[in-house]
Amino acid sequence: MADEELEAIRRQRMTELQAKHGVRESEKESKMEMRNSILAQVLDQSARARCNNLALVKPDKAKSVENYLIQMARFGQLGGKITEAGLIEILEKVSQQTEKKTTVKFNRRRVMDSDDEDDD
């Protein structure tokens, strides 16, 4: 009898977890649909294609550009659809803001250096 009760509790818990997971997936899907619809309204076809190509190569940069465009659209800062040239300008701005500066530092070790020794 304890086994049957345990099995019933397990089944109930499993259905709760599946329901919760299903809700999360539907929320993600609705957010993605809303995001795509906003981008479709903001970007023209060539700019949208460029943005999709960028997402294939650099997904983090594409995500930041999309977030920037959605934010501008929400605040009414866009005056119509953005063309491919306009998207290129935005990409350049984002690239300048997120540009990482790499520095190379040489740490030379003095091991077995014959110049330091004055044995002569």
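The values are calculated or read from the model by the stated rules, or taken from the named source; none is laboratory data. Model, not experiment: these values are computed from the prediction. A quick note on method: Cβ atoms are made from the backbone with ideal geometry, for glycine too, and the neighbour counts reach across all protein chains shown. Ligands, DNA and RNA are excluded from the accessible area calculation, which covers all protein heavy atoms including side chains. Shrake-Rupley method; radii C 1.70, N 1.55, O 1.52, S 1.80 Å.
Below are the figures for this structure:
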{"item": "Candidate set from the stretch 31-46 (those that are part of a helix (DSSP H, G or I) and open to solvent by less than 60 Å² (accessible area, probe 1.4 Å)); member that is modelled with the highest pLDDT", "result": "Ser46"}
{"item": "Test: residue in the stretch 103-110 that is open to solvent by 60 Å² or more (accessible area, probe 1.4 Å), part of a helix (DSSP H, G or I), of a type in the set (Val, Ile, Thr) and on the phi < 0 side of the Ramachandran plot", "result": "no"}
{"item": "Set Leu54, Leu78, Leu69: member being modelled with pLDDT under 85, open to solvent by less than 100 Å² (accessible area, probe 1.4 Å) and of a type in the set (A, V, I, L, M)", "result": "Leu78"}
{"item": "Glu16 open to solvent by 100 Å² or more (accessible area, probe 1.4 Å), among the acidic types (Asp, Glu) and farther than 17 Å from Ile88 by Cβ", "result": "no"}
